[in-house]
Amino acid sequence: MRYVSTRGEAPTLSFEEVLLTGLARDGGLYLPEKWPTFTTEEIKAMRGKSYQEIAFLVMAPYVCPEIPENDFKELIDKAYSSFRHDGIVPLSQLDNNEWILELFHGPTLAFKDVALQLLGNLFEYVLKKNNDKITIVGATSGDTGSAAIDCVQGSSRAQIFMLHPKGRVSDVQRKQMTTVIEDNVHNIAIEGDFDNCQALVKALFNDLEFRDKISLSAVNSINWARVMAQIVYYFTSAIALGAPERKVSFSVPTGNFGDVYAGYIAKQMGLPIDQLVVATNVNDILSRTINGGEYKVGETIPTISPSMDIQVSSNFERLLYNVYEGDGAEIRNLMENLKQSGLFKIADEPLNKAKMNFDAMRVSEEETKNTISDVYSRGGHMIDPHTAVGVKAARENWRDQETPMVSLSTAHPAKFPEAVKEVTGKHPELPAHMADLFEREEKFDVLPNDLEVLKKYILENL
Ligand SMILES: *Cc1c(COP(=O)(O)O)cnc(C)c1O
């Protein structure tokens with residue numbers, strides 16, 4: 001498979017190159033030049049197979065034979081051996097035809113482990129093969145950071161610098177990152193918000209000289225391999241609920257648009273998905289854009305679902321590329337407007353294409369809390385605030401209640417204990433492997449929101 005940039009001006013690359021490159025050199029994001037598709041028979045044949053087996057079938061067209069099939073199978077097995085549930089991502093029923101998909105059984109308790117555990121193994125494999133080294137710089141609104149650090153900690157081939165917005169991630173999230181004391185792990189608290197952190201990382205990628213000097217790589221969802229790994233659980237869960245004979249709908253708590261975009265790809269690949277609901281918190285740029293056609297950046301407001309406190313949603317550019325039918329010049333135009341004036345408008349035809357695939361809704365803080373409370377009092381399920389945003393949007397947008405509705409449960413409730421305790425009166429317990437998290441020592445540095453200071457810091461600490 002070859003990969004093309006959404007902005008049409010960077011060279012096409014192979015899978016391994018895309019894995020190590022992250023952002024394209026023209027500022028765009030990489031996508032496969034075509035979607036592989038499965039027939040109904042092929043999807044039927046996935047029934048009864050394990051998560052790992054389906055993962056191989058779904059991802060192989062993107063990866064193999066560039067990585068030989070048997071090697072790729074081994075990487076998948078290794079990646080998911082760190083999960084604490086045999087089903088990897090089990091479904092749990094809330095009500096008649098209403099489900100949540102528990103994506104939080106990986107080492108750091110959020111869905112990002114599903115992609116990043118695989119990414120870490122892919123990095124080691126490719127770097128070893130090429131006898132190469134990389135520097136990973138990432139920005140995190142909380143969960144990417146710990147999942148990325150976990151997947152490369154102790155590597156002799158990858159250094160990781162992780163930027164988080166100072167004081168704006170939960171204590172559990174921060175501790176999960178800053179208590180990892182391996183020499184290749186560098187935690188930085190930036191005096192700013194998540195969008196500032198993300199902008200710093202983008203600026204490093206756009207400084208081609210610096211980028212080459214340190215062999216810069218990305219673990220944010222601008223990295224294609226992350227989006228790819230997330231396609232898998234749409235297949236496994238839909239098949240468990242009766243696909244391909246039966247359609248299934250999904251509601252996805254959304255920030256950077258990576259997770260829900262993976263659902264869109266699953267649909268392009270032939271999975272019969274009825275609805276894809278984009279669920280945002282009050283940082284609602286995506287629901288405003290999909291409903292109104294104008295992508296306009298606002299102020300980030302801190303919420304009880306901090307991993308979605310985002311105003312600049314990187315993966316949305318991938319969808320734009322698809323609904324503009326691969327017109328890189330148009331995408332460059334839109335992005336230039338965004339840079340100049342903080343907004344762009346989507347033309348009618350591409351907007352309608354987006355609307356045909358997505359419903360979108362903003363969920364308030366109060367609705368989020370009420371949903372945590374309602375789910376707990378009705379069935380005893382504790383859900384975290386991000387999951388609650390998804391469940392609320394699912395309930396409000398569900399068109400056909402004969403079609404199963406799956407809300408992606410993106411974090412373990414113990415990752416956001418304050419909000420869950422406030423509503424349910426019960427403190428959600430951390431799993432055993434993390435019970436002593438608050439006794440562990442932390443290590444991190446604080447830096448201003450300043451590109452030059454950050455560059456100097458990276459060079460000094462490499
Ligand atoms: C990252 C994250 C999200 C948002 O996922 P995107 O791919 O950025 O849309 C939702 N919930 C949790 C718990 C997260 O960590």
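The values are calculated or read from the model by the stated rules, or taken from the named source; none is laboratory data. Worth saying up front: this structure is predicted, and the values here are computed from it rather than measured. Positions of Cβ are generated from backbone atoms using ideal geometry, with glycine treated the same way; all protein chains shown enter the neighbour counts. Quick note on the areas: whole protein, heavy atoms, side chains included, nothing else; ligands and nucleic acids left out. Shrake-Rupley method; radii C 1.70, N 1.55, O 1.52, S 1.80 Å.
Once you have the Cα-Cα distance between residue 441 and residue 245, take 0.36 nm times their residue separation minus that, and quote the gain in nm to one decimal.
Working: separation 196, 0.36 × 196 = 70.56 nm, distance 5.21 nm.
Length difference between fully extended and current span is 65.3 nm.
Under 17 Å Cα to Cα from residue 44, which lysines show up? Leave out anything in the same chain fewer than 8 places away.
Cα-Cα hits under 17 Å: 247, 267.
In what order, largest first, do 313, 81 sit by accessible area if the probe radius is 1.4 Å? Intermediate values should be presented prior to the final figure.
Working: 313 5, 81 90 Å².
Greatest to least solvent exposure: 81, 313.
Give the shape of segment 6-67 as rounded, prolate or oblate, defined through the alpha-carbon gyration tensor: a ≥ b ≥ c are the square roots of its eigenvalues, a/c under 1.5 means rounded, and otherwise the shape is prolate if a/b is larger than b/c and oblate if not.
On the way: a/c = 3.28, a/b = 2.29, b/c = 1.43.
The shape class here is prolate.
Taking Cα pairs under 8 Å and at least six residues apart, what relative contact order does segment 1-155 come out at, in percent? Provide the component values of the computation, followed by the final result.
On the way: 166 pairs, mean separation 24.1, N = 155.
Relative contact order comes out at 16 percent.
What FRET efficiency do you get for residue 207 and residue 17 if R0 is 22 Å and r is their Cβ-Cβ distance, rounded to the nearest 0.05? Please report the intermediate quantities before stating the final value.
On the way: r = 20 Å, r/R0 = 0.89.
E between residue 207 and residue 17, to the nearest 0.05, is 0.65.
Please work out whether segment 44-144 counts as rounded, prolate or oblate from its C-alpha gyration tensor, where a ≥ b ≥ c are the square roots of the eigenvalues and a/c under 1.5 means rounded, while otherwise a/b larger than b/c means prolate and anything else oblate?
On the way: a/c = 2.56, a/b = 1.35, b/c = 1.89.
Because a/c hits 1.5 or more and a/b fails to exceed b/c, segment 44-144 counts as oblate.
Amide H to amide H under 5 Å from residue 2: which residues, 5+ apart in sequence or cross-chain, H placed 1.01 Å off N in plane?
Residues meeting the amide H criterion: 33.
Quick check: residue separation of residue 347 and residue 377 times 0.36 nm, minus the Cα distance between them. What number comes out in nm?
Working: separation 30, 0.36 × 30 = 10.80 nm, distance 4.46 nm.
Computed gain between residue 347 and residue 377 is 6.3 nm.
Count neighbours as other Cβ atoms within 10 Å of each site's Cβ, and list the trypsin sites (Lys or Arg not before Pro) in segment 38-78 that are DSSP loop with at most 16 such neighbours. Display every interim value, and only then the final one.
On the way: sites: 44, 47, 49, 73, 78; in loops: 47, 49.
Within segment 38-78, the qualifying trypsin sites (Lys or Arg not before Pro) (loop, at most 16 other Cβ atoms within 10 Å) are 47, 49.
Give me the lysines in straight-line cross-link reach of residue 443: C-alpha distance below 16 Å, same-chain residues under 8 apart excluded.
Candidates past the 8-residue exclusion: 166, 175.
With each label point set 7 Å from Cα along the Cα-Cβ vector, what nm distance links residue 294 and residue 365?
About 2.6 nm, to one decimal.
Rounded to the nearest 5, what % of the DSSP beta bridges within the chain are antiparallel ones?
Numbers: 12 of 47 bridges.
Expressed as a percentage, antiparallel bridges in the chain total about 25.
To the nearest 20 debye, what is the magnitude of the charge dipole of segment 314-462 about its Cα centre, counting +1 on the Cβ of each Lys and Arg and -1 on the Cβ of each Asp and Glu?
Working: 19 positive and 27 negative charges, 44 e Å.
The dipole magnitude comes to about 220 debye.
With label points built 7 Å along Cα→Cβ from the Cα atoms of residue 191 and residue 95, find their separation and express it in nm.
Taking the simple label geometry, residue 191 and residue 95 are separated by 4.8 nm.
Step through the residues of segment 298-315 one at a time and calculate ³J(HN,Hα) from phi using the Karplus curve (6.51 cos²θ - 1.76 cosθ + 1.60, θ = phi - 60°), rounding each to whole Hz and writing x for Gly and Pro.
Result, ordered by residue: x, 7, 7, 10, x, 10, 7, 10, x, 6, 10, 7, 9, 10, 10, 10, 4, 5 Hz.
Set the Förster radius R0 to 25 Å, insert the Cβ-Cβ distance between residue 128 and residue 77 as r into 1/(1 + (r/R0)^6), and round the FRET efficiency to 0.05. Numbers along the way, then the final one.
On the way: r = 17 Å, r/R0 = 0.69.
About 0.90, to the nearest 0.05.
Rg over Rh of segment 158-243, using C-alpha atoms and the Kirkwood radius, what does it come to? It would help to have the intermediate numbers written out before the result.
Details: Rg = 16.7 Å, Rh = 15.4 Å.
A ratio of 1.08.
Normalising by the residue count of the chain, find the relative contact order in percent from Cα pairs under 8 Å and 6+ residues apart. Don't skip to the answer; put the middle values down first.
Numbers: 911 pairs, mean separation 88.6, N = 462.
Reported as a whole number, the value is 19 percent.
Can you give the helix-only mean residue ellipticity at 222 nm for the chain, where every DSSP H stretch with n ≥ 4 adds -39500 (n - 2.57) and the sum goes over all residues, rounded to the nearest 500 deg cm²/dmol?
After summing the helix terms and dividing by the residues of the chain, the value is -13500 deg cm²/dmol.
May I ask you to list the trypsin sites (Lys or Arg not before Pro) in segment 407-462 that are in a DSSP loop and have at most 10 other Cβ atoms within 10 Å of their Cβ? Mind dumping the intermediate values first?
Working: sites: 415, 421, 426, 440, 443, 455, 456; in loops: 426, 440, 443.
Passing sites in segment 407-462 do not exist.
Which aspartates and glutamates have a Cα less than 14 Å from the Cα of residue 355, not counting those fewer than 8 places away in the same chain?
Of all the aspartates and glutamates, those that pass the test against residue 355 - Cα under 14 Å, at least 8 places apart if same chain - are 274, 294.
Tell me whether the chain comes out rounded, prolate or oblate; compute the Cα gyration tensor, take square roots of the eigenvalues as a ≥ b ≥ c, and use a/c under 1.5 as the rounded threshold. Write down the numbers at each step before the final one.
Working: a/c = 1.22, a/b = 1.11, b/c = 1.10.
The shape class here is rounded.
Projecting each Cα onto the charge dipole of segment 148-297 (Lys/Arg +1, Asp/Glu -1 at the beta carbon, about the Cα centre), which of 216, 257, 192 comes out farthest on the positive side?
Value: 257.
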